[in-house]
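Asker: Have a look at the structure that comes next, please.
The values are calculated or read from the model by the stated rules, or taken from the named source; none is laboratory data. As the structure is a prediction and not an experimental result, all values here were calculated from the model. As a convention, Cβ positions derive from the backbone with ideal geometry for all residues, glycine included, and neighbour counts pool all protein chains shown.
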Amino acid sequence: MSTNTKSLIACRECDLLLREIPLLPGGVACCCCCGAALYRNTPGSLVRTLALTLAAAILFIVANVYPILGIEIQGVRNATNLGGAVYSLWNQEMRMISSLVCVTTILVPAIELAMMIYLLLPLSMRRVPPGVALILRILHSIKPWGMVEVFMLGILVALVKLADLSSLIPGVALWSFGGVTLLLAAVAASFNPRDVWGCLDREPDPKVSA
Amino acid sequence: MMRVTPSAAGLGLCSCRACGLVSRPDPAVGPARCPRCRSPLHFRKPNSVGHCWALLVAAYILYLPANLLPIMETGTLFASRKDTILSGVVHLWETGSWGIAAIVFIASILVPLFKMIALTLLLISVQRRSTWWPMQRARLYRLVDLVGRWSMLDIYVVTLLAALVQIRSLATVRAGTGAIAFGAVVVLTMFAAMKFDPRLIWDPLLKESES
Ligand SMILES: [Zn+2]
Ligand SMILES: [Zn+2]
C-alpha cells in the first residue's frame, strides 16, 4: 500500500474519491456528490459508548430473564419471556419463524453487545485486544439483523390486540426492553468504528497484519 | 447532472466495505484483500444486479402466499377466526385501534411493497445505465435500507400472541403458514437491498462526462 492513499476516502454510496479533512468535534463530513455521511468526529466516544453498552447489556439480560407480559382470562394466567415465546413457537412446528425471532431479537443483539464490550473495555484502557479487525467485520455484517426496536413496537401492538381479549399483567421485561431499545439507539449513535480502526493503525496488531 | 471528479474505481483504487480503507489492489497477487482488515476487496459488489434480481423475484413470488394465507389462527370459546395480514389490520381498525391499525398497515403491507417496487426501479435504471435523477434514486435506496427492517413487526406480534394466548379451552392463538411466507419475504428483501450496490447508480454519469 502506498502511503499517499492513507488520507484518501471513497464515498460508500457513489465511490467519489475524496481527501480526508479534519473536522470540528461533533462534526460530520458529507459527500459533496450524493450527500451520504462519510465520517464523524466524536471525541471521547469510546468511553461513552462503553458505559452505554454495559448498561444496555445489563438491561438486556433482565429483559430476557423476566416475563414480558402476562394475561389473565377468567382466572387462568399465562406469562412468557422472550425465550419462552421462541420455544413455544418452536413446539408449534413454526421452526423457521421461531429461529428468525431468536436470531434477530436474542442472538444478534447478545453477540453485538458481547463483542462491543470485548472491544471497548481494553481499548478504553489503551490496550488493543486480539482480533479487533475480525470483530469489527463481524459487527459490521450482523448489524442489520439486530431488531430490538422493531420487537419493542411488536410488544406494543400485541398489548393493544390482547387488551380486548383478556386483562394484562405487564412484566419487568416490558420496561427493560424499552430501556434496551433506547440504550442501543444511543450506542449506535455514539459508536464510531473509525476511532477503533484508527487505534489499529497506530498500534499494529501482529495477529491482524500477519 | 454531471460528475467531473473521478470515482475511486476509475483511478484503480478500491475502498473496503468493512473498514473504509482505500487501497490499490494488485491484480498480480491474486484475489485482492484489504491490507487493514483482510476483507475481500471488490470495485463493485460482485454480480450485484443478478443476485439482487434473483432475491427480488423470489420475494415477489412469496408475497402472494404471505398475503393470502392466514398468519394467525385465533380460537376462543365462542368463535375461531383465521386472520391474514390485511384482515388483521381491518379487525384492528373496526375495533377502534386506528393508530395501531395504521402502523401495522404501513409496516406489513406498504413497506414490503414499496421496497420491492423501489428495488425493481433501481435495478432497471442501473441495467439501462440511466443517468436519470441520480440523487433521487440514491435517496430512494437509502430509504429502502432504512425502512425494510420494520416489516418484521407482524412476525413479532404473532410470536408474542401465540406464546401468550395458550389457555386451553378458553383461548388459543397459533401462527399460520402465511407467517412463514411473510418472514421469508422480509428476509429476502433485506438480502436484496444489501446485495444492491448504490455506486452503480452513479457510474453511468461518470462515463458520460469522460466521453
Ligand atoms: Zn457520495
Ligand atoms: Zn478493510
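Asker: Can you list residue pairs whose Cβ atoms sit under 6 Å apart, with the first residue in region B:13-24 being free of Cβ contacts under 8 Å to residues at least 24 places away in the same chain and the second being near ligand 2 (Cβ under 10 Å from one of its atoms) and among the basic types (Lys, Arg)? Count only pairs 6 or more apart in sequence or on different chains.
Answerer: Matching pairs, first to second residue: B:Ala18/A:Arg137; B:Cys19/B:Arg36; B:Leu21/B:Arg36.
Asker: Identify, by number, the condition in (1) more than 12 Å from chain A (Cβ to nearest Cβ); (2) within 16 Å of ligand 1 (Cβ to nearest atom); (3) of a type outside the set (Lys, Arg) that B:Ala8 doesn't meet.
Answerer: All conditions pass for B:Ala8, except number (1).
Asker: How many residues are outside any helix (DSSP H, G or I) and within 20 Å of B:Val158 (Cα to Cα) if we restrict to region B:97-138?
Answerer: 1
Asker: On to the next question. Answer yes or no: is there a residue in region B:104-121 that is surrounded by 18 or more Cβ atoms within 10 Å (Cβ to Cβ), within 19 Å of A:Leu165 (Cβ to Cβ), in contact (Cβ under 8 Å) with a residue 40 or more places away in the chain and within 13 Å of chain A (Cβ to nearest Cβ).
Answerer: The answer is yes; a qualifying residue exists.
Asker: When you scan region B:59-69, do you find a residue that is of a type outside the set (Lys, Arg), under 30 Å from A:Phe191 (Cα atoms) and assigned by TED's automatic domain parsing to the domain that holds B:Leu205, even just one?
Answerer: No, region B:59-69 contains no residue that is of a type outside the set (Lys, Arg), under 30 Å from A:Phe191 (Cα atoms) and assigned by TED's automatic domain parsing to the domain that holds B:Leu205.
Asker: State whether the residues of region B:145-162 include one that is more than 25 Å from B:Leu188 (Cα to Cα), at the interface with chain A (Cβ under 8 Å from one of its Cβ atoms), assigned to a helix (DSSP H, G or I) and modelled with pLDDT of 90 or more.
Answerer: Among the residues of region B:145-162, not one is more than 25 Å from B:Leu188 (Cα to Cα), at the interface with chain A (Cβ under 8 Å from one of its Cβ atoms), assigned to a helix (DSSP H, G or I) and modelled with pLDDT of 90 or more, which makes the answer no.
Asker: Looking at (1) surrounded by 16 or more Cβ atoms within 10 Å (Cβ to Cβ); (2) modelled with pLDDT of 90 or more, which is the only condition A:Lys143 fails?
Answerer: (1)
Asker: I need a count of the residues in region A:28-63 that are more than 14 Å from every other protein chain (Cβ to nearest Cβ) and not basic (Lys, Arg).
Answerer: Going through region A:28-63 one residue at a time, the tally reaches 22.
Asker: Can you tell me how many residues within region B:53-82 are under 26 Å from A:Gln74 (Cβ atoms) and either in contact with a Pro (Cβ under 6 Å, 6 or more places away or on another chain) or surrounded by fewer than 14 Cβ atoms within 10 Å (Cβ to Cβ) (or both)?
Answerer: Number satisfying all stated conditions: 6.
Asker: Please note which helices (runs of 4 or more DSSP H) are completely contained in region A:90-146 and include at least 3 residues that are more than 19 Å from the chain's Cα centre (by Cα).
Answerer: A:95-102
Asker: In region B:30-60, how many are more than 26 Å from A:Ile135 (Cα to Cα) and assigned to a helix (DSSP H, G or I)?
Answerer: 12
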